[in-house]
Each structure stands twice: as C-alpha cells, then as structure tokens.
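Every read-out reported here was derived from the displayed coordinates using simple, explicitly stated rules and does not represent laboratory data. Source: prediction; values computed, not measured. All Cβ positions, glycine included, derive from the backbone under ideal geometry; neighbour counts span all protein chains shown.
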Amino acid sequence: MVSAFLLIIAGSTAQGPGVQADASAASYNPHAAELFERDWVLNQWAKQRFDANGDGRISLEEAQPAAIAFKEIADGNSDGRVTPYEYERAREFILARY
C-alpha cells in the first residue's frame, strides 16, 4: 500500500516551504487523488486544508496542491523522493497535528 503512494507522491513537484502550491501543468499528477482516496488520515487532512468548494471530497484539481504539500511534509531529507519510512512518519505527524 505504501509503495503505491510513494509512486503517486514522486510524481508531484515539490516547492519550497511557504510557497503556495498550485496545479500548474508542470506539477499536475493525474493519480494524486488516489493518495487521498486510499488513506483515511491523509483524506481527512486534505479535506480540511484543500477542499476548496466544500463538497467533502478531494477532486483531481484539489488533490494536486494537497499532494505537493504532503510531499513537502514527508520528504525529510529533501531528495525529491518519499521513502516508506518518511511516508509513515509524515502520516503520524499529520495524525498528531491535524
């Protein structure tokens, strides 16, 4: 399960901290929504922060900035990839903080 998420996250383009993420063509990942459909913790976090239209679901467009933001949290060593260890630590961080 985690390895599938890592492939989805790897397709997202990371931006520097504090930079508003957008769903531009350069960062568009058509599988980003899957990340939030399969993981309840990430789904709740993404809905809280990125559900722009308030419909209670994360659309493909809303998933783009959410996936980028998750990658910023998860990529602890800033190598552009999220390992299973980094994924689990980021998930625990989100669960504890949000």
How much length is gained if the chain between residue 55 and residue 83 is pulled fully straight, taking 0.36 nm per residue apart and subtracting their Cα-Cα distance, in nm to one decimal?
6.9 nm
Place the peptides 47-54, 62-69, 86-93 in order of packing, highest mean first, counting for every residue the other Cβ atoms within 10 Å and averaging per peptide.
62-69, 86-93, 47-54
Report the net charge of residues surrounding residue 50, where surrounding means a beta-carbon distance below 11 angstrom and charges are Lys +1, Arg +1, Asp -1, Glu -1.
0
